[in-house]
Each structure stands twice: as C-alpha cells, then as structure tokens.
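Heads up: the structure comes next, in structure tokens.
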Amino acid sequence: MKIKVQKSLAPNLTSQILVPIFAVLASLFFCAIFFALTGKDPIEVYSTMFSGALGSEYGISETFVKMIPLALCGLGVAVAFRMHLWNIGAEGQFYMGACAATWVTLSFPTLPFFLMIPAMIIMGALAGGLWGLLAGWFKVKWQVDEIISTLMMNYIGILWVDFLVYGAWRDPEGKNFPLTAAFPAAAMLPTFGSLRVHYGIFFVFILALIFWVVFKKSKWGYETLVIGSNPIAAKYAGINIRSNVLLAMFISGALCGIAGMVEVSGVVGKLQPGISPGYGYTAIIVAWLARLHPLAIVGVAFLFAVIHVGGFMLQTMGMPSATATMLQGAMLFFVVGSDILTKYEIKFISSKEGEKNE
Amino acid sequence: MNETLLISILAASITAGTPILFAALGELITERSGVTNLGVDGMMLVGAATGFMASVTFHSPWLGVGVALLAGGIMALIHAYLTITLRANQVVSGLALALFGSGLSSYLGKNYVGMRPEQTFEKLAVPYLSNIPIIGPVIFKQDALVYLSYGLVVFVAFYLYKTRAGLFLRALGENPAAVDAVGVNVFGLRYLYVIIGGALAGLGGAYLSLAYAPCWLENMTAGRGWIAVALVIFALWDPWRALVGSYLFGGIDALGFHLQVLGIPVSIFILNMMPYIFTIVVLIFVLIRRGGRLAAPQSLGLPYDREER
C-alpha cells in the first residue's frame, strides 16, 4: 500500500463538506487551548455558550432573532462574492436599509399594516441597494477597489444614522435619548406569541429559496458564476460585465438593506445607534463558510447566532462578548486554511499498481 | 487664522497621522512583496491592547512598543502561513485576521479599559530645530515615536529604491518566479515582509494607546487600519506619498476637533465622516489622473506556487 497526495481535477463534494466541518471543530479546539492558557475553563466557556443559546425557550428565541439578520446579510454578500466582488459593506447597507424603513414610518405614520410593511421593505431594499450600487458604480466607472469603498461607506452609513437620531429624527418626547419615536403598531412585524422571534424569519427562507432558484436555474445566475470564475472568458462570451457588476452590487446591497428593515421592524421598533453589533461583518464569514450556497448560509447563520448569543452569556463569566468575534475569526482562519485540502486528494494505491506507475 | 492656531492644527495633524503612517508603511512593505493583508485594523488593535497592557504592567512605554511590535508580527505570521504556505485566499484570510484581532484585543484588554498609564510618550522639543518659525514647533516638537516614524520613512524609501535587498523586495511583488530563478527563497522573504508589515501595524496601534489617546478602549482604531490599506493604494506603493497621505488624514482629524473648539456649528457626526468620504474621493481622484491604471505590484494578491511555475 502506498499513499499518494495529488491534485484533484474536479472538486470533490464530500471533502468540500467534511473539510469545513473539521476546520470548525479544529478552531473550537484551538480556542479551547487559548482559553485554558488565559485561565478560563474551556469546558465551562463552551457549555455556558451552548446552554445560553439553546438551553431555554428564551435562548432559542434569541438565537433565531440573531440568525435572521445574519442570514439575510449572508445571502446579500454571497450575491456579490459569487462574482468575486468583495462587498464588505453589508454593515453600512444594513444601516441604510433600517434608516429608509424608519423614514417611511416617520413620514406616513398612519399607513395601514398591509401598505406600511411593503413600503418599508421597498424603501429598505432601495436604500441598501443604492448604497451598494454606488460602490459598484465607482468600480465600473473608475476601477475603485470595492473592498475599500464599501468599507468606508460602512462608517459613513453608521455615522449618518447617528447624525439623524441625535438630530432631526430624535423623538421630542424621548427625554433627550438618541432614539426616534417608537414605530406605530402597523410598522411592526408580528412575533410568535410572547417570544421575540418575529415573522422576519419567513423573509430568510423565501429569499434563500429565490436565491437558490435564480442562481441554479437562470441564465443570469450562470453568467455571474462565469464572471466570478473567469472574467476573460465571460468577456469573450459576450457577457456584459459592467452591468452585471452594477446589478450584483445593487441586489447584494438590497438584501442587506432588507435585513436592516427587518431588524428595526421586527426587533427594535425604532431607529437608534448601534442597531447592528457587526452583523454585516459576521455575515461575510457566514457566506464564506457556507461556500456561498444559500441553504447552507441559513444553516451557518444559525450556528453563528448560537455563538453570538452564547458570547453574550459569557459576560456572566466576566468575559467580553467580543470573545464571540474572536471565535468566529478563528473559525474563518481554519476554514480558509483548510481550503487547500479540498484541492488535493489522498489516493491509496496498492503496491503492485504503484510499481507499475513508477 | 492666527499663527498659533495654524501651528497647533499642523502639529496635531502629524500626531493624528502617525498611527496611520506606521500601519501604512507596514502594509506597503507587505504589498510590495506581493501579499495583500487586509487585517491591518486587527493587527493594530492587538498591538494597541498588548502594548498598553505591557506598558502598564511593567511601567515602561518602550517595553509596550516592543510587545506591540511582537504581537503585530505574530498576528501577521498567521496570515503569512495561511496565504503563503497554504495559498489561501488573501482577501478572506485578511478579513479573518481583522475580525480575530478585534475580538482578541477586546478579550485581552478587558481589564485595562479606562486605565490611565503612569508614563506615556511626552513631547520632546529637538534643540535648535524646534526654534525655526512654524516648521519647528510643527515638526520638531513631537514625541519620540513620531521622530521614529520620520526615520522609518527615510529608511524604507532608501531600502526599497537604493539597496539590493530592496530590489528583491520589489521583484517579489512583480515577478516572484524570476526571484526564485535567481536562487532567492521567495517563501522565506514573503514571510519576512508580511511579519514586518504586521509588526509596524502593531506599532501604529501602540502609538494610539500609548501616545495619542493614551488609554485602551475596545475597537479604538475606529477603522484607521482600513484607512491605512486605502492609503497604500493612493500612495501608489511609495513611502513618501504614504507620509503625505497620512498627514492629510491626520489633518482632517485635527481640523474637525479644532472646528469644534472654535465653536463653529458643524455636526460631529458629519465631521467624523470626513476621513472616510475623503478616502473614497482621493482614491477616485488618483484613479482618474492615472487613467484607471495603478502601478500595483504585478503579482499582488497571487499566491506563489512552484508547481505552476
């Protein structure tokens, strides 16, 4: 018997699924060592996180509440990533979406539910989409690197919301807190009973399904894949790269904008600073870990929501909730690092065959 | 505008620009060797946190600087291993580094938030030179790390353009196969320059927590690491342009603060947006002037694979 490592010619589905799972487990193990070295009991850390996120009705509800924006932003960035467009701007697009949805409630507070919610969705998607489109336009017009432009626009979007809620949009009856007035009941997505989980979860499943169908079945979905994997071939095949870049950035931003709308309409009920604790950034990892597959994105978003909610529980152990960010970063390290394993395969060759080959 | 105000704004521009300058020089070296490291912000944060912790614990800001250099270097080593040895996607690995660094620094620095260090880097006036009108108090009445940054720019420019090792560094980013053919270790050198880049990012972070602030706060870089990445692009990978760019940014920072002091009614949020808007605008301006072509190192972002030589 001989073991031979060789480059695999076609991507191997089993290794594409197994390798990331092992990578995630390895990252948990690595962080366990780190926790132990810094004087925390890793078993206690993980069990606190796990029971905090999944050990009670409240915990599970919170986990779904966090899963919704992560999955929606994850789907959003995945649209762009498929074309190797690095939209790092989900965070800003989320804020712009939330901002536009709030504008609807402030300008037309008397709209009935069946008009209010669609108007908020459309405005949220439009605002997030335009915020993404702007970066796409900078790219096709002047070749501005979208990583830099989308990132800078995150800070601008967040500060813009701050500007509004500390200024023109501040609730005059809010005792000077930087909050807008609470949304009318017609602007709130219904929740499941007394829990905080809301109907935004249907958005996740519907949009994931649409994403899957569009990119699996439509011509446009195929074109984006060609542009992503080989832009030169795409050009010779007559695919219009410029308009596809613009379209992808718009849709990508629109999904993140919807995530922002869903968050203010389903959870917060008003606009205030810090409505996202970095969902837009975490979504990048979610999308990458899920290999941009829409259904996997929903699954990975759930896993990351568990880590996120668990991270909050760590505060009871005197650890910062940012520990969750560290864990997520470490996971991404292991997953990108193990990517090379999916490109090679291990062959077991019987000794006779091996001699023949040599 | 009177002279004292002008001097104080210009001097503050240099102080505010220095953390970005250190980080940008580091990223410049890294990118010249053909590796993009988007984790600058994370490395700065870890440098800021560990440098501050070491400085408080051992009562020595210089030791803090040393620890920050080391911590930034170790962070960059992760990126180097993933992208050079394992040939992982550099964009994703860099993003992971940025996130990991932000989480790690918060985890490590938790008990140090809001602490005041006993010793920080004080302003030192250079004898004679600081007496030159305007230039003197602006350039030569700074702290020791600022003087270090001046020296570093000169050194990096000299190394890059005038030495044999610098020639190899530039060649690494343009055509690593050619460097390999001469018998120079491409992988080893790229590791070296990625680690140096990380160490300088760590130093930039330490400047924030030890001299500029001086204190430790979660996510205290406020995206300066990302600005440094953008700066390298519009500095066209040149250390002197990076110097000018950093001080321009510092200037916007400082100007906002001074406008507030003068009582000019501008929203603080709009002022805080300026560096980010400015980054995009300048990038567009540079790209228009160069017809969309930047003199980026040819092999930037491409992992070197001997199998595909």
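The values are calculated or read from the model by the stated rules, or taken from the named source; none is laboratory data. Since we're looking at a predicted model, the values are computed, not measured. Cβ sites come from the backbone with ideal geometry, for glycine too, and all protein chains shown count toward neighbours.
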- Message: Considering only residues that are of a type in the set (Val, Ile, Thr) and free of Cβ contacts under 8 Å to residues at least 40 places away in the same chain, which ones fall in segment A:210-240?
- Response: A:210, A:213, A:214, A:226, A:232, A:239
- Query: Before we move on, is residue B:16 part of a helix (DSSP H, G or I), within 30 Å of residue B:296 (Cβ to Cβ) and either free of Cβ contacts under 8 Å to residues at least 24 places away in the same chain or small (Gly, Ala, Ser) (or both)?
  - Reply: yes
- Restrict the check to segment A:211-218 and report whether at least one residue is at negative phi, within 14 Å of chain B (Cβ to nearest Cβ) and hydrophobic (A, V, I, L, M, F, W, C). no
- Would you be able to say whether some residue in segment A:264-271 is surrounded by 23 or more Cβ atoms within 10 Å (Cβ to Cβ), assigned to a helix (DSSP H, G or I) and touching a residue at least 60 places away in the same chain (Cβ under 8 Å)? yes
- Item | Check on residue B:81, in a helix (DSSP H, G or I), buried (at least 18 other Cβ atoms within 10 Å of the Cβ) and over 19 Å from the mean Cα position of the chain (by Cα) | no
- Query: Do the conditions hold for residue B:54, that is, is it buried (at least 22 other Cβ atoms within 10 Å of the Cβ), assigned to a helix (DSSP H, G or I) and within 13 Å of chain A (Cβ to nearest Cβ)?
  - Reply: no
- Message: Tell me yes or no: at least one residue of segment A:145-161 is in contact (Cβ under 8 Å) with a residue 40 or more places away in the chain and more than 23 Å from the chain's Cα centre (by Cα).
- Response: no
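Criterion first (buried (at least 19 other Cβ atoms within 10 Å of the Cβ), on the phi < 0 side of the Ramachandran plot and not in a helix (DSSP H, G or I)) does residue B:142 satisfy it?
So residue B:142 fits the description; yes.
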- Pick from A:333, A:312: which is at pLDDT below 90 and either surrounded by fewer than 24 Cβ atoms within 10 Å (Cβ to Cβ) or part of a loop (DSSP other than H, G, I, E, B) (or both)? A:312
- If only one of B:259, B:248, B:283, B:236 is of a type outside the set (Phe, Trp, Tyr), at pLDDT below 90 and more than 18 Å from the chain's Cα centre (by Cα), which one is it? B:259
- Message: Go through (1) part of a loop (DSSP other than H, G, I, E, B); (2) within 11 Å of another protein chain (Cβ to nearest Cβ) for residue B:133 and report which single condition fails.
- Response: (2)
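Among the residues of segment A:315-330, count how many are within 26 Å of residue B:79 (Cβ to Cβ), part of a helix (DSSP H, G or I) and among the aliphatic types (A, V, I, L, M).
Residues meeting the conditions: 4.
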- Consider residue A:280 carefully, then state whether it is among the small types (Gly, Ala, Ser), touching a helix residue (DSSP H, G or I) at 6+ places or on another chain (Cβ under 6 Å), in contact (Cβ under 8 Å) with a residue 60 or more places away in the chain and within 14 Å of chain B (Cβ to nearest Cβ). yes
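Kindly indicate whether residue A:329 is more than 10 Å from chain B (Cβ to nearest Cβ) and in contact with a helix residue (DSSP H, G or I) (Cβ under 7 Å, 6 or more places away or on another chain).
Values: more than 10 Å from chain B (Cβ to nearest Cβ): no; in contact with a helix residue (DSSP H, G or I) (Cβ under 7 Å, 6 or more places away or on another chain): yes.
The answer is no for residue A:329.
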- Only residues that are more than 21 Å from residue B:75 (Cβ to Cβ), among the aliphatic types (A, V, I, L, M) and in a helix (DSSP H, G or I): list them for segment B:108-130, please. B:129
- Task: Filter segment B:87-107 for residues that are in a helix (DSSP H, G or I), hydrophobic (A, V, I, L, M, F, W, C) and either free of Cβ contacts under 8 Å to residues at least 24 places away in the same chain or farther than 22 Å from residue B:208 by Cα (or both) and give the result.
- Result: B:91, B:92, B:96
- Identify, from the list A:97, A:128, A:124, A:92, the residue that is surrounded by 18 or more Cβ atoms within 10 Å (Cβ to Cβ), in contact with an Asp or Glu (Cβ under 9 Å, 6 or more places away or on another chain) and modelled with pLDDT of 95 or more. A:97
- Query: Taking residue A:238 and the conditions (1) more than 14 Å from chain B (Cβ to nearest Cβ); (2) in a helix (DSSP H, G or I), which numbered condition does it fall short on, given that it satisfies the others?
  - Reply: (2)
- Task: Report yes if some residue within segment A:280-298 is surrounded by fewer than 18 Cβ atoms within 10 Å (Cβ to Cβ) and either touching a Gly at 6+ places or on another chain (Cβ under 6 Å) or at pLDDT 90 or above (or both); otherwise report no.
- Result: yes
- Query: What number goes with the only condition from (1) in a helix (DSSP H, G or I); (2) basic (Lys, Arg); (3) more than 23 Å from the chain's Cα centre (by Cα) that residue B:170 does not pass?
  - Reply: (3)
- Where in segment B:220-293 are there helices (runs of 4 or more DSSP H), lying wholly inside it, with at least 2 residues that are more than 9 Å from chain A (Cβ to nearest Cβ) and surrounded by fewer than 21 Cβ atoms within 10 Å (Cβ to Cβ)? B:239-261, B:268-289
